[in-house]
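Before any comments, here is the structure.
The values are calculated or read from the model by the stated rules, or taken from the named source; none is laboratory data. The shown structure was predicted, so the numbers you read here are calculated from the model rather than taken from an experiment. Glycine also receives a Cβ, built like all others from the backbone with ideal geometry; neighbour counts cover every protein chain displayed. Ligands, DNA and RNA are excluded from the accessible area calculation, which covers all protein heavy atoms including side chains. Shrake-Rupley method; radii C 1.70, N 1.55, O 1.52, S 1.80 Å.
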Amino acid sequence: MKKVILLMTMGLLCTLGFGQVSWDARVGGNLSNFSKGDLQMKWGMKVGVGASHSFSELFALRSGLYFSMKGASVSDKKFGFNPDKTFKLSYLELLPVLAAFRLPVSSRFAFVLSGGPYLAYQVNKRLVLGAEKVRRFDSGVQAGLDFEFGKYLVGVEAQYGLSRLYGTSGAPHNVNYSLTCGYRFK
């Protein structure tokens with residue numbers, strides 16, 4: 001068993017060593033809500049680091065580790081904030097695995113379309129009184145569009161959670177929209 005793990009690790013390191021791996025750091029904001037119910041969007045923050053493994057000039061796989069604040073508001077005002085009427089769910093997005101297609105416009109500017117599944121683990125929650133227990137894990141699909149300006153990134157993305165927030169049928173899912181800015185290190 002140790003030999004198999006060592007061989008897999010060596011293979012992964014060789015693949016990463018010969019491929020084009022780049023790292024980036026991103027920070028930005030979220031607008032999130034639940035898929036059902038008469039709730040309003042909630043503001044949040046998204047911050048993290050990502051890695052991209054390029055297989056060619058046009059195709060890459062992306063992943064990373066991001067902290068994302070999601071939830072919804074019961075407030076009667078659009079984008080209103082009332083701490084007593086806000087569902088706050090904070091997640092670590094552990095393994096988004098995104099296929100990324102790079103569309104170069106010039107030598108320093110490109111559009112990158114990406115999409116794929118994500119897995120998130122809830123690290124903090126604050127629920128409105130009377131709310132049900134929320135599941136720790138969230139998984140779903142996400143799609144995004146990045147604008148690359150040399151080493152600088154501006155990205156928009158949408159996420160739709162496929163797992164229910166709590167156990168009953170008909171329970172809502174997370175819905176999230178993000179705008180991030182970032183810097184690519186390689």
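Observations, loosely collected:
- Selection within the stretch 90-120 - in a strand (DSSP E or B) and open to solvent by 80 Å² or more (accessible area, probe 1.4 Å): PHE101, LEU103, LEU113
- Top-ranked residue in the stretch 41-53 [being open to solvent by 40 Å² or more (accessible area, probe 1.4 Å) and assigned to a strand (DSSP E or B); ranked as farthest from GLN20 (Cα to Cα)]: TRP43
- Residue within the stretch 126-139 that is under 16 Å from PHE87 (Cα atoms), touching a residue at least 60 places away in the same chain (Cβ under 8 Å) and either exposed (fewer than 15 other Cβ atoms within 10 Å of the Cβ) or among the aliphatic types (A, V, I, L, M) (or both) present: no
- Summed over the stretch 20-40, residues that are of a type in the set (D, E, K, R) and either open to solvent by 40 Å² or more (accessible area, probe 1.4 Å) or touching an Asp or Glu at 6+ places or on another chain (Cβ under 6 Å) (or both) total 2.
- When restricted to residues that are without any contact (Cβ under 8 Å) to a residue 40 or more places away in the chain and closer than 15 Å to LEU89 by Cβ, the stretch 149-170 contains 3.
- For the stretch 51-76, the tally of residues that are closer than 16 Å to SER178 by Cβ, touching a Phe, Trp or Tyr at 6+ places or on another chain (Cβ under 7 Å) and modelled with pLDDT of 90 or more stands at 1.
- Filtered residue count, the stretch 124-141, keeping only those that are at pLDDT below 80 and acidic (Asp, Glu): 1
- Scan of the stretch 151-163 for residues that are among the acidic types (Asp, Glu) and either open to solvent by less than 20 Å² (accessible area, probe 1.4 Å) or under 20 Å from LEU39 (Cα atoms) (or both), ordered by number: none
- Qualifying residue in the stretch 77-88 (condition: at pLDDT below 95 and either aliphatic (A, V, I, L, M) or closer than 30 Å to GLU57 by Cα (or both)): no
- Any hit, the stretch 164-172, residues being in a strand (DSSP E or B) and open to solvent by less than 90 Å² (accessible area, probe 1.4 Å): no
- Residue check for GLU148: closer than 19 Å to SER35 by Cβ and open to solvent by less than 40 Å² (accessible area, probe 1.4 Å): no
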